[in-house]
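Report on one structure; see the data block that follows.
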Amino acid sequence: ELSLAWSIGFIQNEAAKLLANSEEYLSQTKKYYQEERNRLKNLYKDFENFEMIDSDANFYLIKFKKHNDEEMYKIMLEKGILIRRMQGYKNIGNNYIRLAIRTREENDYLIEKLREIEN
């Protein structure tokens, strides 16, 4: 007779493995965001027209001096980047946009496009 029942010990062991992997993944993800945020902060220091407003989340705001959010939305869309306008948020003017911290390659692409706008 074939038994399809799992032992409680097996289930506990598998659950422990999943939790350990989950904790490791969360730890690595948190480390990545911290490192990438710090790298971006340093890159934004080179800009005159864009200022990074940091947060503890996986996104941040950019304050810009040359354009309003509608102009930036159109400019960035033409460059293949979809940005989040901050319209409707209290106490935030139309010279801010919200950006997510993405992969290093995507973040570098964004910085490259902002440099094009800056010049």
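Annotations for the structure displayed:
- Calculated accessible area for the chain comes out at 73 Å² per residue, all protein chains present (probe 1.4 Å; ligands, DNA, RNA ignored).
- Taking Cα centre as origin and charging only the Cβ of basic (Lys, Arg, +1) and acidic (Asp, Glu, -1) residues, the dipole magnitude of region 78-119 rounds to 340 debye.
- Toward the positive end of the charge dipole of the chain, with +1 on the Cβ of Lys and Arg and -1 on the Cβ of Asp and Glu, the farthest Cα among A16, S27, N42 is that of N42.
- Solvent-accessible area, 1.4 Å probe, carbon plus sulfur percent, for the chain: 51 percent
- For the residue pairs K41/K65; K30/K90; K41/K66, alpha carbon separations beyond 25 Å are given by K30/K90.
- Computed [θ] at 222 nm, helices only, for the chain once each DSSP H run of length n ≥ 4 contributes -39500 (n - 2.57): -18000 deg cm²/dmol
- GluC sites (Glu not before Pro), loop per DSSP, at most 12 other Cβ atoms within 10 Å - longest free stretch of the chain: 49-119
- Diffusion coefficient, µm² s⁻¹, Stokes-Einstein with Kirkwood Rh over alpha-carbon pairs of region 25-88 at 25 °C and 0.890 mPa s: 185 µm²/s
- The charge dipole of region 17-119, taken about its Cα centre with unit charges on the Cβ atoms of Lys, Arg (+1), Asp and Glu (-1) only, comes to about 260 debye.
The values are calculated or read from the model by the stated rules, or taken from the named source; none is laboratory data. Everything numeric in this text was worked out from a predicted model, so none of it was measured. Virtual Cβ from ideal backbone geometry, glycine too; neighbours counted across all protein chains shown. Accessible surface areas use protein heavy atoms only, side chains included; no ligands, DNA or RNA. Shrake-Rupley method; radii C 1.70, N 1.55, O 1.52, S 1.80 Å.
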